[in-house]
């Protein structure tokens, strides 16, 4: 943290992750209103609340680093706003698939990046990425919906492709815009770093993991 | 709880309160997006999360009573949906005033009702109505906004009157529709109960407390 370039990169990493959690909270809360029952609304609201508590941990770390939430997170506002505007679910099932796919791609992405940073940051990042059991709830609901009406599978598979396409496109935009973040990922100032061949393998793994999860949902990737 | 009529009334009370907390969660989450800064967004989101945790306590009690969330809460959906549809804030300040005024009227209302019920239920009701410090945040922001631009006070005062009018109108609708709830409030089966003169004093106190809070915000009631 004594290296100003590394510190800037870590603040960008925390800012991107924190805003992702806050944006996920807002989207899951809104999507909860699409649920067919109040119990299901509450289930999605509960997932939103888990995201907010993750946001709080990032906010606390930023406060320790003497950086305001707005200074750290505002640079990522446009990317998340564009992602969510382009992937607003129009049904409860689309909302569930988005909650699962979006959360898991983000988890994979930040977990891969975290190998390039110091241990304290890595522990924080992995702790806020912990699954809180929502995956099981979603997989069960989506599989049951497909079993009740197999015709929904085609539309949801298309939806999953759109989600991953938008997520990767916004991730690339962030990587291109945020030099300090890109630098710690690639050169690993202060951490082990990652060369470009490794970065390419990261994206391959993200795509493979996504395909595996779509299959878990009963959908083709 | 052995008296089926009393039990039905308590389930209606918990259903009304629980749906209020879930609806407040959803509205505060949505309203957080009106905030001028990400830190302010997070502050309103944090208030939403407090409401959700209150909802969870009501859900747990309903589970103990072997009643589903939907059975207990669905009867109150229309009243809350109408209240929130008629009082959707169009600015951040309106959102703050609504969060404060709406939450406090609901708190007063349920706290007044809770004198008519058994001690276990009363302890649960008062615990989920505990203020979590959000009032100070809101009062400070609203007063500062009025000090920066005194012309907002007139519009916000009108807004406060609309909020209390809608809240009382929906509360009357619920009281007229839900016999079991009205019965425990008035006749207090299993609890001390409340006569009609007392009920009328409750509404007088609600209105007086509202006027006092508007004045705390720097607004005329």
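Throughout, read-outs are computed from the coordinates displayed, never taken from laboratory work. Note that the structure is a prediction, hence the values are computed from the model and not measured. Reconstructed Cβ throughout: ideal geometry from the backbone, glycine too, with neighbour counts over all protein chains shown.
The table below gives the values:
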item	result
Peptide A:73-86, shielding by other chains (average Cβ, 10 Å cutoff)	1
Folded to 0 to 90 degrees: helix A:196-217 orientation relative to chain A principal axis, Cα	20 degrees
Hull shadow area, averaged, the protein assembly as shown [alpha-carbon convex hull, nm²]	22.7 nm²
Rounded to 10°, Cα long-axis angle of helix A:92-114 versus longest principal axis of chain A	20 degrees
Computed label-point distance, nm, for sites residue B:155 and residue A:209 using a 7 Å Cα→Cβ extension	4.6 nm
Two-decimal ratio, the stretch A:1-100, of alpha-carbon radius of gyration to 2.2 N^0.38 Å	1.22
Average beta carbon contacts from partner chains per residue of B:18-25, 10 Å cutoff	3
Debye intensity ratio in log₁₀ form over the Cα atoms of the stretch B:4-217, taken at each q of 0.08, 0.16, 0.17 Å⁻¹	-0.28, -1.07, -1.20
Virtual paramagnetic centre 7 Å along Cα→Cβ of residue A:111, amide N under 11 Å, in the stretch A:161-176	none
C-alpha long axis of helix B:4-31 to longest principal axis of chain B, angle in °	20 degrees
Estimated FRET transfer efficiency (residue B:122, residue A:196; beta-carbon r; R0 56 Å; 0.05)	0.30
Approximate shape of the stretch A:100-221 as ellipsoid semi-axes (Cα gyration tensor, √5λ), whole Å, largest first	31, 16, 10
Computed over the stretch A:4-217: relative contact order in percent, which uses C-alpha pairs under 8 Å that are six or more apart	28 percent
